[in-house]
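As structure tokens, the structure follows; a few thoughts come after it.
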Amino acid sequence: MFDGLKKKLDRFRKDVEDTAEEKAEAAAAEADDDAVADAETPADDSGAAEPAAVESDSEETAASTSDTPEPASEPSDEAHSEATPVETDDSEDTATDATDAASESADGADAAEDADGPESLASDAAKAALAEQEADDSSSAGRLKRAAAFATGKVVIEEEDLEDPLWELEMALLQSDVEMQVAEEILDTIRDKLVGETRKQVQSTGQLVEEALHDALYEVISVGQFDFDKRIAEADKPVTLIFTGINGVGKTTTIAKLARYFEKQGLSTVLANGDTYRAGANEQIREHADALDKKLIAHEQGGDPAAVIYDAVEYAEAHDIDVVLGDTAGRLHTSNDLMAQLEKIDRVVGPDLTIFVDEAVAGQDAVERSRKFNEAAAIDGAILTKADADSNGGAAISIAYVTGKPILFLGVGQGYDHLERFDPEAMVERLLGEGE
Ligand code: GDP
């Protein structure tokens, strides 16, 4: 399910991660070069013992909260600036550690100052720093670089870094049938969350991008969500649900699946065929009703859909049935007819929920239809069928945002049990997670 889109999202994550890593390395290399250049100056001159190496760029870190580094005269400043490279070298790859290391070394220098002459200790520390730096192997040099990049608080991701990956992502989303407006909203959120972002402690760029993607997708997918089960449980009985959407998308099967779903929750149902327009509609829904052993209320072809559903509500009241599931004609001559049909049902029956059904595999077409149906007669939510056969996910991502109404269920197969409650968090995890 949604495998195609999942791969595209993963590619975006890797693109941004690579770009940001390259940048961080470059920034770190710069900081490291400065450190080496400074460190090469003779250490026996107290002024020159100011390697200030890593710190020289680190205006925004705790390490640099002390006064402007003045060579040697202020023991704590001096020891601080000298000690920084030594400690940073041994530190882990996090800003916190680099910062802690810096403040520890400052503390150490203060203690040393009390115990002994600050001058000699300071230059000893500087020598030790240089010696250790020279003895470093390449892997700890890498750590130094990264620690320096963190310590300098370098901006990891800038707008220009995101330009190409975001453009690629936009193309990928559109190819996956994500509606244009929805794709733009996703990109805006990602941009807002990533631009100017520095890595926080214990956070890799991969995590940062994943969080941004997660939030951007969740924001559009979760529009309008409400607790469907609670709504049904708390509504006065019988609860009347009306289904709308074009033929062939799996509307009748979905009604049957819901009859099974409610049965599992201990709720009884009656089916009503309000699609009096189409020949064969009665037979189609009757097969399901028989298979599930449910009562079906149906009139002759050409009858009044509102009257059929009214009869079903009466039947439910008389027989203590909890839920009425009413089908309607999906395609009439004009959208005015469609609206008139639903308006009349509204007037006569006052359904609790009107639910739009379409197939996930229809992609953009399904999104467009959801918009039109919602305009014609406000829907309360949507069900997307055939999600099991959909690798794009565009409709699943877009419909809630476009209509302002939540996706309530996904159809995930042809069997009566192949119906899943739509969970936006699970959907995002499915799109971003490992495996299926
Ligand atoms: P309707 O004309 O909209 O009522 O469509 P039907 O309910 O008759 O379904 C049309 C076809 O889609 C049937 O073959 C169903 O078995 C199939 N179908 C319905 N829902 C799903 C689903 O979630 N997944 C799959 N793979 N097929 C489905």
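Computed over Cα pairs, the Kirkwood radius of region 283-436 leads via Stokes-Einstein (1.567 mPa s, 4 °C) to a diffusion coefficient of 76 µm² per second. Return the whole-Å distance between the Cα centroid of region 255-299 and the Cα centroid of region 381-436. Centre-to-centre distance over Cα atoms comes out at 23 Å.
Over region 246-353, what portion of Cα pair distances is larger than 17 Å, expressed as a whole percent?
The proportion of pairs with Cα distances above 17 Å equals 50 percent.
Where a ≥ b ≥ c are the square roots of the eigenvalues of the C-alpha gyration tensor, would you call region 180-315 rounded, which needs a/c under 1.5, or, failing that, prolate if a/b is larger than b/c, or oblate? Here region 180-315 falls in the prolate category. Scaled against the 2.2 N^0.38 Å expected of a compact globular protein of N residues, the Cα radius of gyration of region 203-271 reads 1.67.
Applying the Karplus relation 6.51 cos²θ - 1.76 cosθ + 1.60 with θ = phi - 60° to region 280-291 yields 3J(HN,Hα) values of x, 5, 4, 5, 4, 7, 5, 4, 5, 4, 5, 4 Hz, where x marks Gly and Pro. Compared with the alpha-carbon gap, the fully stretched path from Ala426 to Asp33 is longer by 136.8 nm at 0.36 nm per residue. Under Stokes-Einstein, with the Kirkwood radius over Cα pairs as Rh, the value for region 357-429 at 20 °C and 1.002 mPa s is 178 µm²/s.
Were the residues from Gln181 through Ala378 laid out at 0.36 nm apart, the gain over their Cα-Cα distance would be 68.9 nm. Across region 222-236, rounded Karplus estimates of 3J(HN,Hα) from the backbone phi angles (6.51 cos²θ - 1.76 cosθ + 1.60, θ = phi - 60°) give 8, 3, x, 4, 9, 7, 4, 4, 5, 4, 5, 4, 8, 6, 5 Hz, Gly and Pro being marked x. Paramagnetic label reach from Leu292 (point 7 Å along Cα→Cβ; backbone nitrogen cut-off under 11 Å): within region 246-274, residues 252-264, 268-272.
Every read-out reported here was derived from the displayed coordinates using simple, explicitly stated rules and does not represent laboratory data. Here the structure is a predicted model, which means the values were calculated and not measured. When we count neighbours, we look across all protein chains shown, and the Cβ atoms used for this are built from the backbone with ideal geometry, even at glycine.
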